[in-house]
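Peer 1: Starting off with a structure, shown below.
The values are calculated or read from the model by the stated rules, or taken from the named source; none is laboratory data. Not measured: the values here are computed from a predicted model. So basically every Cβ, Gly included, is an ideal-geometry build from the backbone, and we count neighbours across all protein chains shown.
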Amino acid sequence: MDIIVDAYNLMRLEITDALISEGQRKHFINTMRTYGARKKHTMIVVFDGGEFRWPVQETHKGITIIYAGSHHTADEAIIAYIKRNLGRSMLLVSSDRQLRDEAAHYGVELLHARDFYDRLYAAVGGGTQETSVAAKAVKTSQTADEAVDELMSKVMRMQIKPEDDQQLHKERASQSQQLARKERKRLQKLKKL
């Protein structure tokens, strides 16, 4: 299966700096390469920008990297890739609603970046250790309440045990037996991840 990754969209789940460094981008590419090799998937990683005005595609150590170029967006490069490869089994990893809607129009399976990030960490980052929730708290009021601020801080550092995650997957599995054929087919693809 071709897994098309909206790279900066996925990277922003972990990196909150205003700019992403070349070292961070290389580390991300290596992580994608490792994941693809372990899971036997073709990884297509698409970045905004690049050295040239037009899209550039390169294959390096088993991973396809596309730089959209200075005159195009990663979204445009992703849709162009999808159009060139219709008929192949593809899954798009992105949280961008507009991109997801357009990809769905071509029959591409979709996975939210957060869901893929969790699977990626489990496969490449060790999997059996506890993982952080890694969410961001957003304060919606201007009032200062130390008790609420402390509670939000604690929740952000919560740990999810693998056993809890496995129980959730078991519950979802029992629900999947009642799903429509299209949804069962989608779940089969997701299990391959």
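Peer 1: Being in a helix (DSSP H, G or I) and buried (at least 16 other Cβ atoms within 10 Å of the Cβ) is the filter here; which residues of the stretch 84-117 pass it? Full working, then the answer.
Peer 2: So in the stretch 84-117, the residues in a helix (DSSP H, G or I) come out as 84, 97-105, 113-117.
Within the stretch 84-117, LEU99, ARG100, GLU102, ALA103, ALA113, PHE116, TYR117 meet the criteria.
Peer 1: When you check LYS26 against the structure, is it modelled with pLDDT of 90 or more and on the phi > 0 side of the Ramachandran plot, yes or no? It would help to see each step written out before you state the result.
Peer 2: On the way: modelled with pLDDT of 90 or more: yes; on the phi > 0 side of the Ramachandran plot: no.
Taking the combined requirement at face value, the residue does not satisfy it.
Peer 1: Then there is this: Which of the numbered conditions does VAL108 fail, given that it passes all the others? Conditions: (1) within 17 Å of the chain's Cα centre (by Cα); (2) within 21 Å of HIS27 (Cα to Cα).
Peer 2: (2)
Peer 1: Scanning the stretch 47-71 for residues that are over 19 Å from ARG33 (Cα atoms) and over 21 Å from the mean Cα position of the chain (by Cα), which turns out modelled with the lowest pLDDT?
Peer 2: Taking the candidates together, the pick is GLU51.
Peer 1: Continuing with this model, one more query. Between a residue in the stretch 45-63 that is in the same structural domain as LEU19 (by TED's automatic domain parsing) and over 16 Å from ASP2 (Cβ atoms) and any residue that is among the hydrophobic types (A, V, I, L, M, F, W, C) and in a loop (DSSP other than H, G, I, E, B), which pairs come within a Cβ distance under 6 Å, given they are 6 or more apart or on different chains?
Peer 2: Listed by first residue and then by second, the contacts come to ASP48/ALA68; PRO55/ALA68.
Peer 1: List every residue pair whose Cβ atoms sit under 6 Å apart, with the two residues 6 or more apart in sequence or on different chains, where the first one lies in the stretch 12-24 and is under 19 Å from ALA113 (Cβ atoms) and the second, anywhere, is of a type in the set (Phe, Trp, Tyr).
Peer 2: Cβ pairs passing all conditions: LEU13/TYR117.
Peer 1: Follow-up. Considering the stretch 45-58 alone, what residues qualify as being over 15 Å from ALA113 (Cβ atoms) and touching a helix residue (DSSP H, G or I) at 6+ places or on another chain (Cβ under 7 Å)?
Peer 2: First, pick out the residues of the stretch 45-58 that are over 15 Å from ALA113 (Cβ atoms): 49-58.
Matches in the stretch 45-58: PRO55 only.
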